[in-house]
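J.: Sending over a structure as structure tokens; questions will come in a sec.
The values are calculated or read from the model by the stated rules, or taken from the named source; none is laboratory data. In this text, all values refer to a predicted model and were calculated from it rather than measured experimentally. Don't worry about glycine lacking a Cβ; one is built from the backbone with ideal geometry, like all the others, and counts go over all protein chains shown.
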Amino acid sequence: MSNAKNQAQSQVESIVAMVAALNCDYDRLKELRDKAKEGHYVAGWNLPGYLPDSEPASFEAADDARSYIADAIRDAADAMRDAADADDADDAGYAADVADAIAYALEKLETEKNRAEYSGQVGKFVYWISYNDGLADLEEREELDRLKAAAGDCESEEDARMRIDQDPLSIEVRSGWETLYEELKPREFRVILCTGGPHVELQGDLDSYQQPDSVRVIYACWGESGEYFPDGEECYALLTYCRQFYFGE
């Protein structure tokens with residue numbers, strides 16, 4: 001692939017990124033960023049020294065995490081009491097020890113409810129709550145990643161629009177054939193992206209409102225030249241990019 005075509009594709013990729021930043025939902029991005037700053041709580045239980053058997057639960061509020069762990073401890077207590085044989089002294093003693101641990105754990109959860117984290121052993125399991133940075137919801141984390149990737153270095157739509165405004169080296173128009181003495185109107189446009197070696201520009205037709213309705217990429221470098229018509233996402237991005245400029249009334 002020629003150096004000129006490589007440069008043309010690089011310019012197109014840059015424009016796709018600029019248009020993604022232009023179309024980014026900055027209000028939602030700010031909302032998720034602010035929410036991520038608050039962090040979230042993860043709660044679960046496991047045998048000491050082992051990983052949890054199931055995925056820990058995530059919560060936005062510490063109270064919800066404490067309620068979750070308290071319910072889990074109560075459920076475990078019911079199961080252990082049902083399993084203990086009151087006629088067996090060892091089982092009875094174990095049940096009593098567990099009952100004390102449960103009472104202590106639930107009391108600690110209640111009295112230290114303003115603390116973010118908790119850890120306590122009840123029976124064979126350690127029940128815990130920890131604070132983590134970021135968002136609790138996986139879909140929101142993925143959405144935040146997509147929005148951050150789209151925005152890039154831009155903090156607002158105004159930033160993205162300014163980046164596009166300052167990107168071209170030159171914006172030019174030319175008219176078609178008109179009847180003598182009739183006012184000349186722009187019919188075609190070109191946006192020069194870079195020049196020298198290599199040279200890359202966008203060309204296309206203007207509709208009746210002097211807005212681009214087609215676009216192609218033209219490139220040249222030291223005797224090599226070529227052009228291509230983008231499609232799909234690239235076509236949409238290039239037309240959106242070109243429509244940010246003024247080509248006449």
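J.: Give me the residue from region 236-249 that is in a loop (DSSP other than H, G, I, E, B) and out of contact with any helix residue (DSSP H, G or I) (no Cβ under 6 Å at 6 or more places or on another chain) and, out of that set, surrounded by the fewest Cβ atoms within 10 Å (Cβ to Cβ). Outline the logic, then answer.
T.: So in region 236-249, the residues in a loop (DSSP other than H, G, I, E, B) come out as 243-249.
Imposing the further condition that a residue be out of contact with any helix residue (DSSP H, G or I) (no Cβ under 6 Å at 6 or more places or on another chain) reduces the set to 243, 245-249.
Values: 243: 13, 245: 16, 246: 10, 247: 20, 248: 13, 249: 7.
By that ranking, first place goes to 249.
J.: Continuing with this model, one more query. Can you find a residue in region 3-12 that is without any contact (Cβ under 8 Å) to a residue 40 or more places away in the chain and surrounded by 15 or more Cβ atoms within 10 Å (Cβ to Cβ)?
T.: Checked against the condition, which is being without any contact (Cβ under 8 Å) to a residue 40 or more places away in the chain and surrounded by 15 or more Cβ atoms within 10 Å (Cβ to Cβ), region 3-12 yields at least one hit.
J.: Look at residue 33 and say whether it is surrounded by 11 or more Cβ atoms within 10 Å (Cβ to Cβ), at pLDDT below 85, in a helix (DSSP H, G or I) and in contact with a helix residue (DSSP H, G or I) (Cβ under 8 Å, 6 or more places away or on another chain). Before the answer, list the steps.
T.: Values: surrounded by 11 or more Cβ atoms within 10 Å (Cβ to Cβ): yes; at pLDDT below 85: no; in a helix (DSSP H, G or I): yes; in contact with a helix residue (DSSP H, G or I) (Cβ under 8 Å, 6 or more places away or on another chain): yes.
Here the answer is no, as residue 33 does not meet what is asked.
J.: Give the residues of region 156-180 that are loosely packed, with under 14 Cβ neighbours inside 10 Å and either part of a loop (DSSP other than H, G, I, E, B) or touching a residue at least 40 places away in the same chain (Cβ under 8 Å) (or both), sorted by residue number. Step through it out loud before you land on a result.
T.: Let us first name the residues in region 156-180 that are loosely packed, with under 14 Cβ neighbours inside 10 Å, namely 158, 162, 165-166, 169-170, 174, 176-180.
Answer for region 156-180, where residues must be loosely packed, with under 14 Cβ neighbours inside 10 Å and either part of a loop (DSSP other than H, G, I, E, B) or touching a residue at least 40 places away in the same chain (Cβ under 8 Å) (or both): 165, 166, 169, 176, 177, 178, 179, 180.
J.: Looking only at region 215-235, how many residues end up being out of contact with any helix residue (DSSP H, G or I) (no Cβ under 8 Å at 6 or more places or on another chain) and of a type in the set (Gly, Ala, Ser)?
T.: Number satisfying all stated conditions: 2.
J.: Which of the residues spanning region 190-249 are in contact with a Leu (Cβ under 9 Å, 6 or more places away or on another chain), within 16 Å of residue 7 (Cα to Cα) and polar (S, T, N, Q)?
T.: Result: 195, single match.
J.: So in region 183-216, with the set limited to residues that are assigned to a loop (DSSP other than H, G, I, E, B) and of a type in the set (Val, Ile, Thr), which one is modelled with the lowest pLDDT? Even if it seems obvious, please write down each step before you answer.
T.: First, the residues of region 183-216 that are assigned to a loop (DSSP other than H, G, I, E, B): 183-185, 195-198, 207-211, 213-215.
Retained after the next criterion (residues that are of a type in the set (Val, Ile, Thr)): 195, 215.
Numbers: 195: 91, 215: 96.
So the residue we want is 195.
J.: Follow-up. Restricting to region 217-235, count the residues that are within 31 Å of the chain's Cα centre (by Cα) and assigned to a strand (DSSP E or B). Spell out the reasoning first.
T.: Taking region 217-235 and keeping what is within 31 Å of the chain's Cα centre (by Cα), we get 217, 229-235.
If we keep only those that are assigned to a strand (DSSP E or B) too, we end up with 217.
Number of matching residues: 1.
J.: I've got another one for you. Would it be correct to say that residue 148 is closer than 30 Å to residue 28 by Cβ, among the charged types (D, E, K, R) and surrounded by fewer than 16 Cβ atoms within 10 Å (Cβ to Cβ)? First the steps, then the outcome.
T.: Working: closer than 30 Å to residue 28 by Cβ: yes; among the charged types (D, E, K, R): yes; surrounded by fewer than 16 Cβ atoms within 10 Å (Cβ to Cβ): yes.
The answer is yes for residue 148.
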